[in-house]
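Shown next, in structure tokens, is the structure this report addresses.
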Amino acid sequence: KIPEPTLDAEAMEDYRKKVRTLASDGGPSERRTLFLSATSEEFPNCSFIIKDMIHCIRIATQKPLHLARKNAQVFHEIVDKRHAFLPDLQNSNKWQAIFETLQEEALKLRVGARPHIMKMVFKHLAFAKHRMDSCADPLAKVCMLLLPIAILLSLVSCDERNEKHQRERAAALLAKFKPKFMLAMGVSADWGLIAAAFLKIFDAGDHDISN
């Protein structure tokens with residue numbers, strides 16, 4: 001039988017006294033833990049704390065837009081919520097295949113004498129939801145690909161081979177494609193691209209905070 005683990009209080013106390021510096025990334029929970037540890041008696045000899053300022057700037061840049069009315073709704077419906085459009089598209093080979101075909105058809109269209117806004121077929125719109133700069137480019141592509149996306153949602157919503165909840169989700173999102181929602185989507189994408197370019201000016205060094 002494996003004995004129950006026990007705490008070596010003397011070794012633990014020795015370790016706490018040796019800690020001089022604490023570091024964290026810019027996440028809210030990590031920063032709170034950092035300051036709580038530094039200002040309590042947990043590490044009595046701690047004299048220096050480091051937080052990842054670029055991470056903090058990312059959060060400060062992202063939150064105001066995502067919490068603002070229609071922009072918040074855009075982020076929630078397209079990126080954030082369970083079964084939002086981009087995660088569903090990213091995780092479904094069937095949707096991706098249909099989406100590529102629809103893009104190819106859209107490329108053949110002409111609006112008057114001007115070529116369609118699409119220039120090429122995008123095979124995927126990969127992103128990481130928790131990173132604002134990662135979401136900016138896919139959201140911008142959504143704005144450029146509204147025609148194939150609208151057709152895709154229409155196909156999903158009326159295809160009885162799909163589950164009822166899938167059809168309802170697609171129909172609900174398609175119903176949101178109205179002027180205010182479209183404008184908010186464009187503003188969100190534009191904001192994200194500008195903010196990402198700004199962040200890259202500063203966020204070019206070694207990402208290991210311990211250095």
message: Filter the range 46-98 down to the residues that are open to solvent by 40 Å² or more (accessible area, probe 1.4 Å), aliphatic (A, V, I, L, M) and either touching a residue at least 60 places away in the same chain (Cβ under 8 Å) or within 22 Å of GLU30 (Cα to Cα) (or both) and list them by number.
response: ILE49, ILE50, MET53, ILE57, ALA60, LEU67
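SER40: of a type outside the set (A, V, I, L, M, F, W, C) and under 20 Å from ALA171 (Cα atoms), yes or no? First the steps, then the outcome.
On the way: of a type outside the set (A, V, I, L, M, F, W, C): yes; under 20 Å from ALA171 (Cα atoms): no.
Answer is no for this residue.
Condition check ((1) among the hydrophobic types (A, V, I, L, M, F, W, C); (2) modelled with pLDDT under 90) across all residues:
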site: LYS178; (1), (2): no, no
site: ALA196; (1), (2): yes, yes
site: ILE201; (1), (2): yes, yes
site: ASN211; (1), (2): no, yes
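Restricting to the range 4-25, give me the number of residues that are in a loop (DSSP other than H, G, I, E, B), more than 30 Å from ARG58 (Cβ to Cβ) and open to solvent by less than 100 Å² (accessible area, probe 1.4 Å). Don't jump to the end; show me each part of the working.
Taking the range 4-25 as the starting set, the residues that turn out to be in a loop (DSSP other than H, G, I, E, B) are 4-8, 19-20, 25.
This time we only want the ones that are more than 30 Å from ARG58 (Cβ to Cβ), so: 4-8.
When the remaining residues are screened for being open to solvent by less than 100 Å² (accessible area, probe 1.4 Å), the result is 8.
Within the range 4-25, residues that are in a loop (DSSP other than H, G, I, E, B), more than 30 Å from ARG58 (Cβ to Cβ) and open to solvent by less than 100 Å² (accessible area, probe 1.4 Å) number 1.
The values are calculated or read from the model by the stated rules, or taken from the named source; none is laboratory data. Just so you know, these numbers come straight off a predicted model, no measurement behind them. As a convention, Cβ positions derive from the backbone with ideal geometry for all residues, glycine included, and neighbour counts pool all protein chains shown. Side chains are part of the model used for accessible areas, which takes the heavy atoms of the whole protein and leaves out ligands, DNA and RNA. Shrake-Rupley method; radii C 1.70, N 1.55, O 1.52, S 1.80 Å.
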